[in-house]
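All remarks here apply to the structure that follows.
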Ligand code: PGA
């Protein structure tokens, strides 16, 4: 059976002491009521990753990064290597988030390199895809998402692809308070599973975790997660408050 995951993407938020407090509170709340079949991933900014892996080493929370360099090591000022993340027990890394595509011009070619370097270092990529509003309005959303996935991931062999977690995040839903409806999410997730099945076979497709992201919160999570192809969420704003984030986890 595929894994259910709720992952918190903190983006560029929190000071060190706020980060410490938030991880501590999430751990405390989760230890009280942990739904055992849901994996919880917290993705803080780079400076707090080691703190986060330390604070969560005795519980079931996994830690993810929000970015990684496409290079192994060396003269790349300001970059962070996958091997560095691995050396502080980071288990996941968000790749291809629409904010990185938009503000940092990340191309599918670059994303493919980042995916490769993560897999080489035994870190699970959470690969994001999703269309812009005009693309949906032009009824082009399936083509856009298919191209994002095929361009960055289809070079993987099936053993490698099995390690990928996907996140469908329609860009018009991110940070807007307008989530995709459960029907829209299910329709796209089923489409994504279908293309994976055509390329890698039914078994791989059935075992691939596909998260939904975009204004997911404790009020809409239950309806979104109730869909057969929605295996959890990638949560931005609502992951910044411990009670709210844990309520989302408990929505399964
Ligand atoms: P949001 O962000 O939940 O704040 O809409 C989701 C994301 O960007 O991963």
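Values quoted throughout were computed directly from the atomic coordinates according to the rules given, and no laboratory measurement underlies them. Not measured: the values here are computed from a predicted model. With ideal geometry, Cβ positions are generated from the backbone for all residues, glycine too; neighbour counts draw on all protein chains shown.
Could you work out the helix-only [θ] at 222 nm for the chain, with each DSSP H run of four or more residues adding -39,500 (n - 2.57) and the total divided by the number of residues, to the nearest 500 deg cm²/dmol? Write down the numbers at each step before the final one.
Numbers: 12 runs with 109 residues, N = 252.
Calculated mean residue ellipticity at 222 nm is -12500 deg cm²/dmol.
Can you tell me the length gained on complete extension of the stretch residue 158 to residue 3, counting 0.36 nm per residue apart and subtracting the Cα distance?
Details: separation 155, 0.36 × 155 = 55.80 nm, distance 1.73 nm.
Result for the pair: 54.1 nm of gain on full extension.
With a cut-off of 8 Å between alpha carbons and a minimum separation of six or more residues, what is the relative contact order of the chain in percent? Provide the component values of the computation, followed by the final result.
On the way: 468 pairs, mean separation 55.8, N = 252.
Reported as a whole number, the value is 22 percent.
What full-extension length gain, to one decimal in nm, is calculated for residue 12 and residue 24 as 0.36 nm per residue of separation minus the Cα-Cα distance? Please list the in-between numbers first.
Numbers: separation 12, 0.36 × 12 = 4.32 nm, distance 1.88 nm.
Net length gain for the segment: 2.4 nm.
As a footprinting exposure proxy, order 155, 189 by other Cβ within 10 Å, with the fewest listed first.
Working: 155 12, 189 22.
In order of increasing Cβ crowding within 10 Å: 155, 189.
I need to check one value: relative contact order of segment 92-197, counting alpha carbon pairs closer than 8 Å and at least 6 residues apart, in percent.
Taking the mean separation of contacting Cα pairs over the length of segment 92-197, I get 29 percent.
Label points 7 Å out from Cα along the Cβ direction at residue 222 and residue 241: separation in nm?
With each label point 7 Å from Cα toward Cβ, the separation is 1.8 nm.
Find how much the distance from residue 72 to residue 50 grows on full extension, using 0.36 nm per residue of separation minus their present alpha carbon separation; answer in nm with one decimal. Display every interim value, and only then the final one.
On the way: separation 22, 0.36 × 22 = 7.92 nm, distance 1.97 nm.
Gain on stretching residue 72 to residue 50: 5.9 nm.
Which value in nm describes the separation of the simple spin-label points at residue 58 and residue 32, placed 7 Å from the Cα toward the beta carbon?
Distance between label points: 1.9 nm.
For the chain, set up a GNM with springs between Cα atoms under 10 Å and report which of 209, 181, 198 has the largest fluctuation.
Comparing 209, 181, 198 in the GNM, the peak value goes to 198.
Computed over the Cα atoms, what is the radius of gyration of segment 208-252 divided by 2.2 N^0.38 Å, N being its residue count?
Details: Rg = 9.6 Å, N = 45, 2.2 N^0.38 = 9.3 Å.
Against the compact-globule rule of thumb, the ratio is 1.02.
What does the convex hull of the Cα atoms of segment 104-252 come to per residue, in Å³, rounded to a whole number? If you can, show how the numbers build up before the last one.
Values: hull volume 17.7 nm³, N = 149.
Spread over its residues, the Cα hull of segment 104-252 gives 119 Å³ apiece.
For segment 84-111 and segment 211-225, write down the distance between their C-alpha centroids in whole Å.
Using only Cα atoms, the two centres lie 23 Å from each other.
Can you tell me the equivalent ellipsoid semi-axes for segment 4-249? Use √(5λ) from the Cα gyration tensor, largest first, whole Å.
On the way: eigenvalues 128, 100, 58 Å².
Computed over segment 4-249, the values are 25, 22, 17 Å.
Can you pull the one-decimal nm distance between simple spin-label points at residue 137 and residue 181, each 7 Å off the Cα toward Cβ?
1.8 nm
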